[in-house]
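Student: Next up is a structure, given as structure tokens.
The values are calculated or read from the model by the stated rules, or taken from the named source; none is laboratory data. Please read all numbers here as calculations on a predicted model, not as lab measurements. In this analysis, Cβ positions are derived from the backbone assuming ideal geometry, glycine residues included, and neighbour counts consider all displayed protein chains. The accessibility values were calculated without ligands, DNA or RNA, using every heavy atom of the protein model including side chains. Shrake-Rupley method; radii C 1.70, N 1.55, O 1.52, S 1.80 Å.
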There are 2 protein chains.
Amino acid sequence: MRIAIDAMGGDHAPHEIVAGVLQAAKEWTDAELILVGDSARIEALMSERPGNVRVHHAGDVITADDEPGKAVRRKKDASMVVAGRLVREGEADAMISGGNTGALMVTGLLIVGRMEGVERPALAPMLPTMDGTGVLALDLGANMDASPEELLQYAIMGSIYRSKVQGIAKPRVGLLNIGTEAMKGNTLTKTAYGLLEQAPIQFVGNVEASQVMRGGCDVLVCDGFSGNVMLKAMEGTADAVFSTLKTEFTRTWMTKLAAAVMMPGLRQFKKKLDYKEHGGAPMLGLSGLVLKCHGSSDALAVKNAVRQARVALQSGLVQAIAAEINTRK
Amino acid sequence: MRIAIDAMGGDHAPHEIVAGVLQAAKEWTDAELILVGDSARIEALMSERPGNVRVHHAGDVITADDEPGKAVRRKKDASMVVAGRLVREGEADAMISGGNTGALMVTGLLIVGRMEGVERPALAPMLPTMDGTGVLALDLGANMDASPEELLQYAIMGSIYRSKVQGIAKPRVGLLNIGTEAMKGNTLTKTAYGLLEQAPIQFVGNVEASQVMRGGCDVLVCDGFSGNVMLKAMEGTADAVFSTLKTEFTRTWMTKLAAAVMMPGLRQFKKKLDYKEHGGAPMLGLSGLVLKCHGSSDALAVKNAVRQARVALQSGLVQAIAAEINTRK
């Protein structure tokens with residue numbers, strides 16, 4: 001299997017990307033890893049050169065500030081776009097990037113290409129849950145105005161991912177809604193509920209936003225608008241609580257002492273709450289495998305993303321999703 | 001002015017309701033307060049009888065478990081329904097209830113009646129903000145599938161309420177969205193954005209769910225589905241953080257000591273986060289004034305709700321909203 005890695009995407013590119021890829025190459029010798037980007041800069045960082053690492057030159061870079069659509073269309077020689085082209089042309093089986101999320105979505109759609117029968121591919125990150133297992137949520141903001149049929153596809157794709165790549169035999173799929181009863185919600189969720197009941201998944205019904213962090217489902221399905229509202233409400237509330245804690249802790253010398261005792265546990269918890277810490281997010285519904293790793297990824301995170309891509313390729317993820325989508329046409 | 005109070009609605013009815021009304025009657029002698037409910041039980045609680053308090057008998061009660069629509073239609077003699085009828089028939093200028101929220105919405109719609117030109121009245125509670133000022137949010141779950149025109153009406157009604165009842169000269173109105181740029185969002189918010197820009201309000205643009213608690217607007221407009229998702233995500237995250245804090249605090253004797261130092265401040269903060277603590281929520285867009293006070297209201301909360309109703313009546317809130325809605329037909 002051949003995995004293309006955008007060496008120029010992310011806050012610590014290219015050095016952490018190159019370092020992570022070198023580690024991964026040594027651990028999984030069955031994978032051919034293709035570093036895509038400025039070959040001079042990449043070569044300079046390669047302290048060693050395992051036989052299964054290759055450099056593919058790309059002269060341009062999409063930055064965090066680039067407007068996604070425009071950047072992908074114009075910067076034809078950007079590392080992210082070139083990595084996508086390798087997948088499209090069958091020269092790589094998967095691509096990984098920690099670059100501009102919007103641009104990666106566009107690269108997935110326009111360069112790698114949609115899977116036949118899928119209207120809207122979705123980015124599916126893991127949200128943290130209290131028990132530490134996490135929930136795969138899709139969609140969290142890529143696609144506005146989803147249709148019930150699109151929510152059904154999200155459910156099927158998410159369920160197959162959790163089972164194939166993460167080994168959950170019967171992933172529990174929940175529908176984000178404002179109440180647990182079947183008839184709750186807006187026109188979208190009410191219609192989607194009926195479709196999900198009939199689908200070849202373990203549908204566990206509606207899940208309220210207040211219950212998402214308590215676990216209860218392995219896949220959470222929602223339209224991009226309300227999913228993004230949920231995600232940002234969670235982030236905003238956690239931020240608000242932690243910033244208040246900080247103020248409380250610095251009030252007197254007694255509270256400062258208390259802080260010294262409490263902080264290690266709290267820091268760990270805060271990290272647990274940060275969904276960006278939870279591995280790479282697959283972009284599901286494309287004709288090839290695209291994995292987003294977080295912009296702040298260090299070498300270890302990059303290595304983990306390679307592991308994830310490798311498992312997904314070995315499991316036949318994309319083919320399994322295509323087969324299921326195909327039977328439903 | 002005459003204010004009908006549902007004496008049987010809420011966790012501490014009727015005793016706390018009666019006690020709060022007696023306090024309010026003494027403070028505001030210009031208001032005639034009508035206690036609606038089981039007259040025998042109410043009379044038994046009236047240690048004193050100010051001249052401006054009256055009891056209006058109603059033999060039935062809508063409970064928290066009642067199905068709202070059914071209950072309002074069938075329990076014609078329920079205290080909440082009777083209070084609504086007093087407003088409809090001009091025997092009271094406003095009503096207050098701490099009972100079943102859904103049933104109160106139905107009472108507002110079916111008994112008190114919609115204001116001419118308003119498609120969907122909305123319940124508008126205050127959400128807590130970090131600076132303690134709060135933001136009036138509508139709608140948070142009463143109406144699913146709002147139209148852009150309905151969001152515009154929410155904006156106008158909320159803005160008039162904040163200015164008339166809460167004395168904010170130019171309330172800043174924000175639109176809940178997934179990004180701050182004008183072109184962000186789904187079809188609903190994109191269309192609503194254009195309408196809000198033209199409206200006679202101080203529109204401050206899109207507000208992300210992560211920024212709501214940081215203040216920045218006095219009125220937050222959203223459809224009931226995403227508003228409810230936001231509210232529950234906030235509640236769920238706050239609950240999750242506090243329950244983890246509790247676990248962290250009981251880990252060792254050192255952390256237990258830390259907890260003793262920190263808890264008073266944290267409890268106060270948790271209370272600040274609880275939107276239920278933030279006074280009565282008006283139901284806007286009805287032909288009369290309806291105020292929801294929280295189910296757990298004690299005498300002081302009931303007294304504060306009477307104060308709020310009194311200010312709203314003195315300010316001519318309902319007439320001001322009707323005039324503005326009327327000019328836009």
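Student: Which members of region A:292-306 meet the condition of being farther than 21 Å from A:Ala103 by Cβ and surrounded by fewer than 16 Cβ atoms within 10 Å (Cβ to Cβ)?
Tutor: A:Leu300
Student: Something else: Need at least 2 residues that are under 30 Å from A:Val212 (Cα atoms) per element, so show me which helices (runs of 4 or more DSSP H) inside region A:39-138 make the cut, counting only ones lying wholly within it.
Tutor: A:101-106
Student: Next question, about the same structure. Working carefully through the options A:Gly265, A:Gly227, find the one that is in a helix (DSSP H, G or I), open to solvent by 10 Å² or more (accessible area, probe 1.4 Å) and on the phi < 0 side of the Ramachandran plot.
Tutor: A:Gly265
Student: Can you name every residue in region A:205-230 that is closer than 15 Å to A:Ile178 by Cα, more than 8 Å from chain B (Cβ to nearest Cβ) and aliphatic (A, V, I, L, M)?
Tutor: A:Val207, A:Leu220, A:Val221
Student: Inside region B:231-243, can you point out the residues that are buried (at least 23 other Cβ atoms within 10 Å of the Cβ) and more than 7 Å from chain A (Cβ to nearest Cβ)?
Tutor: Answer for region B:231-243, where residues must be buried (at least 23 other Cβ atoms within 10 Å of the Cβ) and more than 7 Å from chain A (Cβ to nearest Cβ): just B:Leu231.
Student: Could you check A:Ala71 against (1) under 28 Å from A:Ala142 (Cβ atoms); (2) open to solvent by 10 Å² or more (accessible area, probe 1.4 Å) and say which number it fails?
Tutor: For A:Ala71, the exception is condition (2).
Student: Could you please let me know if A:Lys256 is free of Cβ contacts under 8 Å to residues at least 40 places away in the same chain, assigned by TED's automatic domain parsing to the domain that holds A:Leu176 and part of a helix (DSSP H, G or I)?
Tutor: Spelling it out, A:Lys256 is indeed free of Cβ contacts under 8 Å to residues at least 40 places away in the same chain, assigned by TED's automatic domain parsing to the domain that holds A:Leu176 and part of a helix (DSSP H, G or I).
Student: Quick one: which residue in A:Ala146, A:Ala209 is among the small types (Gly, Ala, Ser), closer than 17 Å to A:Val118 by Cβ and crowded, with 23+ Cβ neighbours inside 10 Å? Before you say what the answer is, go through the steps one by one.
Tutor: Values: A:Ala209 fails: closer than 17 Å to A:Val118 by Cβ.
The match here is A:Ala146.
Student: Moving on. Please verify whether B:Gly108 is surrounded by fewer than 23 Cβ atoms within 10 Å (Cβ to Cβ) and either in contact with a strand residue (DSSP E or B) (Cβ under 8 Å, 6 or more places away or on another chain) or not assigned by TED's automatic domain parsing to the domain that holds B:Arg214 (or both), treating the condition exactly as stated.
Tutor: No: the conditions fail for B:Gly108.
Student: Next question. Can you find, within region B:268-281, the residue that is modelled with the lowest pLDDT among those that are within 13 Å of B:Met130 (Cα to Cα) and assigned to a helix (DSSP H, G or I)?
Tutor: Residue satisfying both the conditions and the ranking: B:Tyr275.
Student: Still on this structure: Please pick out the residue among B:Leu176, B:Leu196 that is open to solvent by less than 20 Å² (accessible area, probe 1.4 Å) and in a helix (DSSP H, G or I).
Tutor: B:Leu196
Student: Before we move on, is B:Lys246 open to solvent by 10 Å² or more (accessible area, probe 1.4 Å), farther than 20 Å from A:Met234 by Cβ and more than 7 Å from chain A (Cβ to nearest Cβ)?
Tutor: no
Student: Might you check whether a residue that is more than 23 Å from the chain's Cα centre (by Cα), surrounded by fewer than 24 Cβ atoms within 10 Å (Cβ to Cβ) and not in a helix (DSSP H, G or I) occurs anywhere in region B:16-34?
Tutor: Yes, some residue in region B:16-34 is more than 23 Å from the chain's Cα centre (by Cα), surrounded by fewer than 24 Cβ atoms within 10 Å (Cβ to Cβ) and not in a helix (DSSP H, G or I).
Student: Now for a separate question. If I ask for residues that are surrounded by 15 or more Cβ atoms within 10 Å (Cβ to Cβ) and of a type in the set (A, V, I, L, M, F, W, C), which ones from region B:183-193 would you list?
Tutor: Answer for region B:183-193, where residues must be surrounded by 15 or more Cβ atoms within 10 Å (Cβ to Cβ) and of a type in the set (A, V, I, L, M, F, W, C): B:Leu188, B:Ala192.
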